[in-house]
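Heads up, the thing below is written out as structure tokens.
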Amino acid sequence: MNITIIGTGYVGLVTGACLADLGNNVFCLDVDQAKIDMLNNGQVPIYEPGLKEVIERNVEAGRLSFSTDVAASVAHGHVQFIAVGTPPDEDGSADLQYVLAAARNIGRYMDADKVVVDKSTVPVGTADKVSAAIKAELAARALPGSAPGFSVVSNPEFLKEGAAVEDFTRPDRIVLGVAADAAGQQALAVMRQLYAPFNRNHERTRVMDVKSAEFTKYAANAMLATRISFMNELANLADEVGADIELVRQGIGSDPRIGYSFLYAGTGYGGSCFPKDVQALGRTAREFGQTLRLLEAVEAVNNDQKHVLVNKIFARYGRDLSGKTFALWGLAFKPNTNDMRDAPSRVVIGALLRAGACIKAHDPVAVDETRRVLALDFADAPELLAQIEYAVKPMDALQGADALIIATEWKAYRSPNWAALKATMKAPVIFDGRNLYEPQALQLLGVHYLAIGRSNKA
């Protein structure tokens, strides 16, 4: 099948590469010439385990190509995936300008029937706007005879950064929102054919109306964000009452009605999805005269939780950190990605540098992206960036450090050489935002360990 992917960001690249891996001919479009040049030169602009290999394999096989040619992209694919960004607007709503621009381009150049797939995370009702944009362009062209037909399908993605290739190739569900008319049912048949390889073991497709499919994506992310904020609130209380949130997690997670997923206490969620999707769902509710009070609390808790490590540091050392050096392990918002969007590490870095501290940071893949985002974060005080340096190895960051801060749970940090750690640091103090270690074990090793909700306040 000929497939066009509009947008070579996180979702577009994974979707395009994985569909090509199934034998489809995939044309990936982006307006960013630099990004297309990078892809055509064998480079991948994002870090995602396994993605580079899938791209290389399918480019070599001739099933995957990258271009900025809009007209060619529309001509190529019977199925047109819209996978562009939907960044949060100033009021928290999803910015649909790129989605609607893609829709207008499809209407401007299409000369045959198309299935248009909303893969981007979009608010309820977006498919109607996409359809209207395409129809307006077709009408403006005043084509002789009948205009080519199309149907808009909602096919939200459920990919976890760091495991996106695995999630795409082994999905737990495939949500398809289609219209009830004849064109919608024809589009459904095309999408079933496209996703047939994923349904051979058992049926994973969930077919519903378009608006319900759009809603499902937001509802899923809102539920997961809620679990995270719920556990973080309990973790903060556990610190006060003397309980261990890790034992609590095991106790409640063993209940099959609750389960273990997304119950880990930490420094809050970040990344490209949860923050903006929680905000966008709240904005949708307000447009309809409703208030999602629970989600407002979820967002407030998460914003506060990003300061929990900073507050522990201030409680121990005071608010003037001049002369102090902190090692920082982990920069990306989660392991196996270089994504720094809403990463808790940015809050930690911002507070510490502005308090006069120096930072020695390590991350396996996110250093370049960190440099870029910190230049934006410190646009008002770029001189403070001289107080941060980046280590090649985790142990290098510990040299002369007054304390170690852990912001991302990379596997490389799980089993450090404790003797070397103690010998390298000025003092064996750890502020662990990801609860990687057992407090009792570190106490026996002579390490002062301050984690999240593990009964060890600063």
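Some points to look at:
- Condition met for Gln279 (modelled with pLDDT under 95 and surrounded by fewer than 23 Cβ atoms within 10 Å (Cβ to Cβ)): yes
- Residues in segment 405-420 that are of a type in the set (Gly, Ala, Ser) and in contact with a strand residue (DSSP E or B) (Cβ under 8 Å, 6 or more places away or on another chain): Ala407 only.
- Failed item in (1) loosely packed, with under 14 Cβ neighbours inside 10 Å; (2) in contact with a strand residue (DSSP E or B) (Cβ under 7 Å, 6 or more places away or on another chain); (3) within 19 Å of Leu309 (Cβ to Cβ), with Gly400 passing the rest: (3)
- Only one of the numbered conditions (1) of a type outside the set (Gly, Ala, Ser); (2) in the same structural domain as Phe274 (by TED's automatic domain parsing); (3) within 23 Å of the chain's Cα centre (by Cα); (4) loosely packed, with under 13 Cβ neighbours inside 10 Å is violated by Asp172, and that is (2).
- Just one of the numbered conditions (1) touching an Asp or Glu at 6+ places or on another chain (Cβ under 8 Å); (2) assigned to a loop (DSSP other than H, G, I, E, B); (3) not aromatic (Phe, Trp, Tyr) is not true of Val130: (2).
- Output for segment 290-307, where each listed residue is assigned to a loop (DSSP other than H, G, I, E, B) and crowded, with 16+ Cβ neighbours inside 10 Å: Leu292, Lys306, His307
- Only listed residue being of a type outside the set (Ser, Thr, Tyr), over 30 Å from Ser272 (Cβ atoms) and assigned to a loop (DSSP other than H, G, I, E, B), chosen from Gly453, Gly400: Gly400
- Segment 199-223, subset of a type in the set (A, V, I, L, M, F, W, C) and surrounded by 19 or more Cβ atoms within 10 Å (Cβ to Cβ), residue farthest from the chain's Cα centre (by Cα): Val210
- For segment 197-216, a residue qualifies if it is in contact with a Gly (Cβ under 7 Å, 6 or more places away or on another chain) and β-branched (Val, Ile, Thr), and exactly one does: Val210.
- Thr86 passes every criterion in (1) touching a strand residue (DSSP E or B) at 6+ places or on another chain (Cβ under 7 Å); (2) at pLDDT 95 or above; (3) within 23 Å of Ala332 (Cα to Cα) apart from (2).
- Count - residues of segment 267-289 that are part of a loop (DSSP other than H, G, I, E, B) and in contact with a Pro (Cβ under 8 Å, 6 or more places away or on another chain): 4
- Close pairs from segment 397-409: first farther than 20 Å from Ala343 by Cβ and in the same structural domain as Tyr269 (by TED's automatic domain parsing), partner of a type in the set (Val, Ile, Thr) and not in a helix (DSSP H, G or I), Cβ under 6 Å, at least 6 apart: Gly400/Thr325; Ala401/Thr325; Asp402/Thr325
- Listing of helices (runs of 4 or more DSSP H) fully contained in segment 1-117 that carry 2 or more residues being in contact with a Pro (Cβ under 7 Å, 6 or more places away or on another chain) and surrounded by fewer than 22 Cβ atoms within 10 Å (Cβ to Cβ): 33-40
- Residue in segment 120-142 that is surrounded by the most Cβ atoms within 10 Å (Cβ to Cβ), counting only those that are modelled with pLDDT of 95 or more and basic (Lys, Arg): Lys129
- The C-beta contact set for segment 154-178 (first residue more than 18 Å from Ile5 (Cβ to Cβ), second residue buried (at least 23 other Cβ atoms within 10 Å of the Cβ) and of a type in the set (A, V, I, L, M), distance under 7 angstrom, 6+ apart or interchain) comprises Gly177/Val153; Gly177/Val210; Val178/Val153; Val178/Ala187; Val178/Val210.
- Residues that are crowded, with 20+ Cβ neighbours inside 10 Å, out of contact with any strand residue (DSSP E or B) (no Cβ under 7 Å at 6 or more places or on another chain) and assigned to a helix (DSSP H, G or I), drawn from segment 346-369: Arg346, Val347, Glu369
The values are calculated or read from the model by the stated rules, or taken from the named source; none is laboratory data. Not measured: the values here are computed from a predicted model. Virtual Cβ from ideal backbone geometry, glycine too; neighbours counted across all protein chains shown.
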